[in-house]
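Read-outs: derived from the displayed coordinates by stated rules, not from any lab. Remember, it's a predicted structure, so these values are computed and weren't measured experimentally. We place every Cβ from the backbone using ideal geometry, glycine too, and count neighbours over all the protein chains shown.
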Amino acid sequence: MRILFAFAAYLVGSIPTGYLLVRLTARKDIRQFGSRSMGATNVFRVKGWRTALPVAAIDVLKGFLPAFFALKYSGDPVFAAFCAFLSVVGHCFPFSIGFKGGKGVATSLGAYAAIAWLPLLACLGLFLVVAAVSRHVSLGSLVGSLVFPFLVLLTGGPKGVFAIGLAIAALVVFQHRGNIGRLVKGTERKLGDKSS
């Protein structure tokens, strides 16, 4: 049964929300514009908040639901965290559109809400501060993702959840490698900038 939960977690995560909504509303491939990601931040730059909000909400649910039901079924937060990891993998590498998806931030946020909500709240606050001061959503996302597993450990969470949190953070960092390069060069787009 756990194998089915794990497989379902990847499948749910791999639903290409941003790609589908932009394709349906504008007949465009969102991955050809801006940061070339199908995530809500890029959708916002290309299509505005009316499209970006449902993308963000669904992407959060893609992480929350697999982790939540895995935890309810097994009572094991480490297994739930593993399913969360698979849902983030699915979001980043969706099989249905050539394994080129998003960056995993909203999906991991939803997953964290199911397995470790208190560290998540602290990371959300940190994200808001960093993003507001720097006007770089990518920088806030990176900082929040990297801090989360350590907050799990500090609040007495299982070491297995900490380890999987590190794996999710590593995946988020990998998916942001282009953003990191632009941040270093000072060419990263800031919040509110429009994309062509």
| Before we move on, is residue 119 farther than 22 Å from residue 34 by Cα, out of contact with any Asp or Glu (no Cβ under 7 Å at 6 or more places or on another chain) and either among the hydrophobic types (A, V, I, L, M, F, W, C) or in contact (Cβ under 8 Å) with a residue 24 or more places away in the chain (or both)? | yes
| Of 127, 150, which residue is out of contact with any Gly (no Cβ under 6 Å at 6 or more places or on another chain) and assigned to a helix (DSSP H, G or I)? | 150
| query | What is the residue count in region 80-107 for residues that are in a loop (DSSP other than H, G, I, E, B), surrounded by fewer than 24 Cβ atoms within 10 Å (Cβ to Cβ) and on the phi < 0 side of the Ramachandran plot? | reply | 3
| request: Go through region 158-189 residue by residue and tally those that are in contact with a Leu (Cβ under 8 Å, 6 or more places away or on another chain) and farther than 26 Å from residue 45 by Cβ. | output: 2
| task | Considering only residues that are hydrophobic (A, V, I, L, M, F, W, C) and touching a residue at least 60 places away in the same chain (Cβ under 8 Å), look in region 145-184 and name the one that is surrounded by the fewest Cβ atoms within 10 Å (Cβ to Cβ). | result | 167
